[in-house]
Amino acid sequence: NDLRYEYIKGSYEKPIMGSIMAWDAEAPIAGKKGLVTISGEMPPIKRKVKVEEKELIKFFAPRAGLGDKEQAINDIYDLVDQMVNSCRARMEWLRWQAIGTGAITYDEGGMIFSVDYGVPASQKETLLTTARWSDLDDSDPLGDLERWAEAHVTNTGIRPERMVMSLKTRNYLLKNEAIRQIITNNANVYVSPEQLNQLLQTFNLPQIIIYDAKVLTEAMAGTKTETRLLAEDVVVLLPAASYNLGKLLQGPTAEALAMMNLSSSTKAEGVVAVIYTKEDPPSYWIKAAVTAFPTLPGAELIGIYNVW
């Protein structure tokens, strides 16, 4: 229940074996690992919308028998949902910036900041020229995945078991000539998703998860721009789900604390929606707010690769 966070990066590493000793001999002293501590402060995320005067008239002076009040209530609930989902969309964007790029860079509305989570440089790569998976005839995706998986094992002792990619990237794999030749000799047959997954399993390579989620950003002028949460040309290698890479922390909001009784046991974390009024012109406003930011102590278990 705080605004600041602090964690130690590098929560997973290969174990160093203890020494076999003679009885009554002194144990050797372990070399201490250099600790990297990452700290920061969680920012607030907010969005509000005005309830139009016409909606207020429907609510406060409904026409008899026409369902005006019920319609106004439903419209207000819809606006609340939109504001809450706006906060959740930004939280998901933060999460995927951390996972999909290893960093967060933000520059909107005068708010500028940058965070680097420290994904190892040896677990990042941008494929070039004919190595790009979009080159269906010359690229070698299986070779790339084997090389990356072995690098993860060398660096951490943990083999990646999942990889997140776009549908377009997955389809490049289905059409890849080197992959097709392993599965079938028929040049006129594309590989099926089931065959691809079976091939990856045979080589003990990560299984595919397709993720194509998109959100919108709105400029001050009102123009909207569609943004992918994970870049279309990026493949992210992840360990098994049992490994906890990090957490999207949520702290208290001023809006929640202002509404709470000090003796209440209700927590102030999470998304909160409030309605407040202004007198001139008469208006109601709906605002949603949350304080949230992702941590990534397991950054060394992630691999981020630009494949086309």
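The values are calculated or read from the model by the stated rules, or taken from the named source; none is laboratory data. From a predicted model like this one, the values you see are computed outputs, not experimental measurements. We place every Cβ from the backbone using ideal geometry, glycine too, and count neighbours over all the protein chains shown. What goes into the accessible areas is simple: the full protein's heavy atoms, side chains included, and nothing from ligands, DNA or RNA. Shrake-Rupley method; radii C 1.70, N 1.55, O 1.52, S 1.80 Å.
In segment 108-126, the residues that are β-branched (V, I, T) form Cβ pairs under 7 Å with partners that are not in a loop (DSSP other than H, G, I, E, B), at six or more places apart or across chains, as follows: I112/Y106; V115/G40; V115/A103; V115/I104; V119/A299; V119/I304; T126/N306. Looking at Q198, Q250, just one residue is open to solvent by 60 Å² or more (accessible area, probe 1.4 Å), more than 30 Å from R47 (Cβ to Cβ) and of a type in the set (S, T, N, Q), and that residue is Q198. For segment 278-301, the tally of residues that are touching a strand residue (DSSP E or B) at 6+ places or on another chain (Cβ under 6 Å) and open to solvent by 10 Å² or more (accessible area, probe 1.4 Å) stands at 5. Within segment 180-194, residues that are at pLDDT 90 or above reach partners that are open to solvent by 40 Å² or more (accessible area, probe 1.4 Å) and part of a helix (DSSP H, G or I) with beta carbons closer than 7 Å, at six or more positions or on different chains, in the pairs I183/Q195; V191/I183.
Keeping to segment 144-159, report how many residues are farther than 14 Å from Y305 by Cα and either surrounded by fewer than 17 Cβ atoms within 10 Å (Cβ to Cβ) or out of contact with any Phe, Trp or Tyr (no Cβ under 8 Å at 6 or more places or on another chain) (or both). Lay out the reasoning, then the answer.
We begin by selecting, within segment 144-159, every residue farther than 14 Å from Y305 by Cα; these are 150, 153-159.
From what's left, either surrounded by fewer than 17 Cβ atoms within 10 Å (Cβ to Cβ) or out of contact with any Phe, Trp or Tyr (no Cβ under 8 Å at 6 or more places or on another chain) (or both): 150, 153-155, 157, 159.
Result for segment 144-159: 6.
Checking each residue in segment 197-219 for being touching a residue at least 40 places away in the same chain (Cβ under 8 Å) and assigned to a helix (DSSP H, G or I) picks out L199, L200. Of everything in segment 221-238 that is open to solvent by 80 Å² or more (accessible area, probe 1.4 Å) and assigned to a strand (DSSP E or B), the residue that is modelled with the lowest pLDDT is K224. Only one of the numbered conditions (1) open to solvent by less than 60 Å² (accessible area, probe 1.4 Å); (2) in contact with a strand residue (DSSP E or B) (Cβ under 8 Å, 6 or more places away or on another chain); (3) not acidic (D, E) is violated by R162, and that is (1). When you scan segment 170-187, do you find a residue that is at positive phi and open to solvent by 20 Å² or more (accessible area, probe 1.4 Å), even just one? For segment 170-187, residues at positive phi and open to solvent by 20 Å² or more (accessible area, probe 1.4 Å): absent.
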